[in-house]
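Trainee: The structure's right below; bear with me while I get my questions together.
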Amino acid sequence: MENNENNFIGTKTQLLPRIDWNIRFFGAHKQTVHSNWSMTKEFHHAFEILIVLDGVQETLIENEQYIIKKDDILLIPPGFEHTNKCISTKSMTYFCAHFDIDEPSLRMKIMKNCDWVYKPSNSYHSRLIKCLQKWIDILDEPDILVSKAKLRAQVVLFELLEVLVDIQPLNTDIRTNESMTTAKYAKEIAEAIKGTFKKKCIEKNENVDYTIHIQPIIASLGISPNYGLEVFQKIYQMSPRKYLSGLKLQESKILLQQPEISLKEIANRLGYKNLSHFSRQFKRWTGLNPSEFRKKTNA
C-alpha cells in the first residue's frame, strides 16, 4: 500500500474549464429580395449577424444609418431596435442568423468591444466570413439530415464565438470581482424571469393570473429590485421588461404554429388580459396580426 501511495507523489492534474452555458441559434436564412424591400422595425434579445452577398442594404440602428455593401458583415447586439432596407437598383441577397449565449460576462464583452460593421479591410473579417460561409454551405446541402445540420450549425456557432472572443482587447481591465458579481446577479435574474415565464406558459387554467411582475422576482432572489434592474441593464443592455417581451415574442411564434391552440388561449398564456391587447402588441413586433402570422407560417 505504501508503494502505491508513493506512486501518486508529484502527480499533476490538468482540468478543462467546466461548461454550463445555454446557447440559442435560430432564424438563419439566405434570401434574395427586390429593390425597396424593407423589414418593419424589430429588436431581439439575441445577437443578429448578417452578411450582404450581393447588392446594398441600408440599416437603421436606433435611428443611426449604416450602409452595408457586398461582403460587409453587420453584428447587431441584443435589445437594439433596427430596420433593414434594400437600396440596390435591382435585387439584394443576404444571409443572416440569430444567436445568444447566457454567459453574462462573455455576452457583456462581445456587446462592449465588438464593432457593429466589419468591412473586408478589417483584420477579423476573413475569419468571420469563413464562419458565415460554413452556415451557408449547410443551407446549400438540401439532403443533409436535420440532426446533422444542427450539430454542424452549433460547431460553427462556437467557432464564431471564438472569433468574437479574440476581438476583445488583450489589456481589458474588468475589475474581476465586481464584474463577476454583477454578471452573476444579472444571470440569476434572467433565469428567474425565463423560468417564471415558462412555468406560466405551461399552465392552462383560465383562472390563473399569468401576469409576470419583475420586481418581486428580483426580490425573491435576495437582490434589491432597484439594484437588480441596474445590473440587468448593464449586462444585457436592455431592461428586464424588454427581455421578457423578447421571450413572449419567441414563444408566441411557437404557439401560433400550433393550430389546435386558440388565439385567446395564447394571449392568456402570454399574460395578456384579452386577445385584442395581444394582437396589437404582436403587430408591433412583427407587422402582422396573429391570424395573419399563423396563416402565413402554416400555409
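Trainee: Between residue 71 and residue 221, 0.36 nm times their residue separation minus their Cα-Cα distance comes to what?
Mentor: Contour length minus the Cα-Cα distance gives 49.4 nm.
Trainee: Taking N as the number of residues in segment 189-299, what value does Rg over Cα atoms divided by 2.2 N^0.38 Å take?
Mentor: 1.13
Trainee: Could you estimate the translational diffusion coefficient of segment 239-299 from the Stokes-Einstein equation, with Rh from the Kirkwood formula over C-alpha pairs, at 25 °C and 0.890 mPa s, in whole µm²/s?
Mentor: 213 µm²/s
Trainee: Measure out, as a whole number of angstrom, how far apart the alpha-carbon centroids of segment 206-285 and segment 100-166 sit.
Mentor: 28 Å
Trainee: Right, next: Provide the FRET efficiency to the nearest 0.05 for the residue 154-residue 191 pair, computing r from the beta carbons and using R0 = 22 Å.
Mentor: 0.55
Trainee: A follow-up question, please. Label points 7 Å out from Cα along the Cβ direction at residue 295 and residue 58: separation in nm?
Mentor: 3.1 nm
Trainee: Please give the FRET efficiency for residue 202 paired with residue 11, using the beta carbon to beta carbon distance and R0 = 45 Å, rounded to the nearest 0.05.
Mentor: 0.35
Trainee: Run the Debye formula on the Cα coordinates of the chain, all scatterers equal and no solvent, and tell me log10 I(q)/I(0) at q = 0.17 1/Å.
Mentor: -1.58
Trainee: For segment 12-108, what class follows from the C-alpha gyration tensor (a ≥ b ≥ c being the square roots of its eigenvalues): rounded when a/c is under 1.5, otherwise prolate if a/b is larger than b/c, else oblate?
Mentor: prolate
Trainee: Moving to a separate point now. From the cross-link list 112/273; 90/234; 112/242; 130/295, which pairs have alpha carbons spaced over 30 Å apart?
Mentor: Correct reply: 112/273; 90/234; 130/295.
Trainee: Suppose R0 equals 30 Å. What FRET efficiency, 1/(1 + (r/R0)^6) with r the Cβ-Cβ distance, do residue 257 and residue 280 give to the nearest 0.05?
Mentor: Efficiency computed from Cβ-Cβ geometry: 0.90.
A short reminder: the numbers here are calculations on the coordinates, not readings from a lab. In this text, all values refer to a predicted model and were calculated from it rather than measured experimentally. Heads up, the Cβs are rebuilt from the backbone with ideal geometry, glycines too, and the neighbour counts pull from every protein chain shown.
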